[in-house]
Amino acid sequence: MAGEPLVCSACMVQTAMASSLSSVETFSVDFLGCKVSYTDAQAVRERLAAGGLTEDTASGDIAVVNTCCVTHEAVRKSRKAIRRAASGATRVYVTGCGANLERAFDGMPENVTVIARRSEETPAAIAADIGSLSCATAEHRRERVRAFVKIQDGCSFACSFCVVPQVRGASRSRRKADVVDEVQRRVRDGYCEIVLSGINLGCYRDPEAACDLVALLRALGSVDGLKRIRLSSIEVNHLTTELVETMRETPNVAPHLHVPLQSGDDGVLRDMARRYDAETYVERVDRARGMNISTDVIVGFPTETDSAFERTLAVVEEIGATKVHVFPYSPRPGTKTAQLDPIPGSVKKERSQRLRDESARAARRRWNQKIGELDTVLVDRPGRGYGADYTPWLLEGPLGSFQRVQAAALSDEGIIAA
């Protein structure tokens, strides 16, 4: 109606619990899982801070636990984190993948609320439930080092073991203009490195802007002041020659690729419904020769024999993966293999350790090749940082600064700067 003051929707929200939380001043946010989970948790953190609350990582009045459910162990750790938070906070909000898995968090304390919503809807849903957030626009002050910018979410494929399509929904992408705007804002805020994250980055599409992942990388490469761009992960089917060439031609794109393998055995890959074979995987990864490669592997899949595992180990060795994220197979509800888990835990443990040992040897070889060379390292923790190819370094320098250093020696934790 004409003449009435304009107010934002967040200020109009009033819930039954608003009065009981009128004194809420602090919050904490915890996350479990992947880089996408971290990005989702950060979005909640920024919404609460913008609403006038102060982050207290030790004991907030409001606690948010962004959960993971990719394995049974992930759910167990999530439940433990929720109960720990519930013992000290007035209200606990459970978000993330696990919140969307049916009955994953039954039996939680009364002050726990499960927000079973899409990730992009979750921050506003929490703010609405609290009901007392203001429309303050105060910037949430955190160390400006590395910002995770989600460009895509969900998955429209159906790997036989994976619960992600159930809890994340179908693949969807952000508008190119919105991604560029956020990256520019992060750079203005002082972030040194941008990590593009998503459940399946190669599925990124903005039809209105005729933009795919390659075109987006080229656009972001020209953002003024952006020093480094990194891809969080890419499926091997999307590791095209055009993508690799774009990464090489764009100076601020990091020469590191995380390419999930899951298995190096063709029979297991078929049973997993992974849509490639081991030879194709190796050939496509070879397109990125010289870049640092990391990967994911599932051990103990129901049809993984001893010989199948040996083939997986051989592929990991062939590609020189310097970091292998090993996931012991865990049956997930609603998946095709939900009722299958014949491989003993002791076998999964032994196979996991062999993969980790192989990746440690590959990392050591890569680090040793760098002795005497110069690299530009982003200091992201006191005394530590990562080079452009995501090699870990031990060095001194202000947090959030890029340091030009020479590799002098090695430790078990990375390269020691001169």
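The values are calculated or read from the model by the stated rules, or taken from the named source; none is laboratory data. What you are looking at is a predicted structure, and each value in this text was computed from that prediction instead of being measured. Counting neighbours? That spans all protein chains shown, and the Cβs are built from the backbone with ideal geometry, glycine included.
Descriptive notes on the structure:
- Against the conditions (1) within 18 Å of Val75 (Cβ to Cβ); (2) not in a helix (DSSP H, G or I), Asp296 satisfies every one except (1).
- Applying the set (1) among the β-branched types (Val, Ile, Thr); (2) in contact with a Cys (Cβ under 7 Å, 6 or more places away or on another chain); (3) more than 29 Å from Ile194 (Cα to Cα) to Ile82 leaves exactly one unmet item: (2).
- Near pairs, Cβ below 6 angstrom, 6+ apart or cross-chain, from segment 160-180 (in contact (Cβ under 8 Å) with a residue 40 or more places away in the chain) to any residue that is charged (D, E, K, R) and part of a loop (DSSP other than H, G, I, E, B): Ser160/Lys336; Val163/Arg332
- Filter result (modelled with pLDDT of 85 or more, surrounded by fewer than 19 Cβ atoms within 10 Å (Cβ to Cβ) and in contact with an Asp or Glu (Cβ under 9 Å, 6 or more places away or on another chain)) within segment 50-66: Gly52, Thr54, Asp56
- Gln184 being touching a residue at least 12 places away in the same chain (Cβ under 8 Å) and more than 26 Å from Val379 (Cβ to Cβ): no
- Hey, Asp212 at pLDDT below 95, over 19 Å from Leu226 (Cβ atoms) and of a type outside the set (Phe, Trp, Tyr) or not: no
- Answer from Ser352, Ser346, Ser359 - the residue that is under 23 Å from Leu313 (Cα atoms) and loosely packed, with under 12 Cβ neighbours inside 10 Å: Ser346
- Subset of segment 312-330 [under 23 Å from the mean Cα position of the chain (by Cα) and either charged (D, E, K, R) or at positive phi (or both)]: Gly320, Lys323
Listed here are the residues, each with its yes/no results for (1) under 16 Å from the mean Cα position of the chain (by Cα); (2) polar (S, T, N, Q).
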position	(1), (2)
Lys35	yes, no
Thr57	no, yes
Pro109	no, no
Thr122	no, yes
Ala128	no, no
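- Single unsatisfied condition, Val379 versus (1) under 30 Å from Arg404 (Cα atoms); (2) surrounded by 18 or more Cβ atoms within 10 Å (Cβ to Cβ); (3) assigned by TED's automatic domain parsing to the domain that holds Asp265; (4) not aromatic (Phe, Trp, Tyr): (3)
- Failed item in (1) in the same structural domain as Arg185 (by TED's automatic domain parsing); (2) in a helix (DSSP H, G or I), with Gly267 passing the rest: (1)
- Within segment 321-330, not a single residue is assigned to a loop (DSSP other than H, G, I, E, B), in contact with an Asp or Glu (Cβ under 7 Å, 6 or more places away or on another chain), in contact (Cβ under 8 Å) with a residue 12 or more places away in the chain and among the hydrophobic types (A, V, I, L, M, F, W, C).
- Flag for Arg332 being out of contact with any Leu (no Cβ under 6 Å at 6 or more places or on another chain) and loosely packed, with under 15 Cβ neighbours inside 10 Å: no
- Residue match in segment 338-347 (condition: part of a strand (DSSP E or B) and either of a type outside the set (Lys, Arg) or free of Cβ contacts under 8 Å to residues at least 12 places away in the same chain (or both)): no
- Residue ID - nearest to Gln353 (Cα to Cα), chosen from residues in segment 283-293 that are out of contact with any Phe, Trp or Tyr (no Cβ under 9 Å at 6 or more places or on another chain) and in a helix (DSSP H, G or I): Val285
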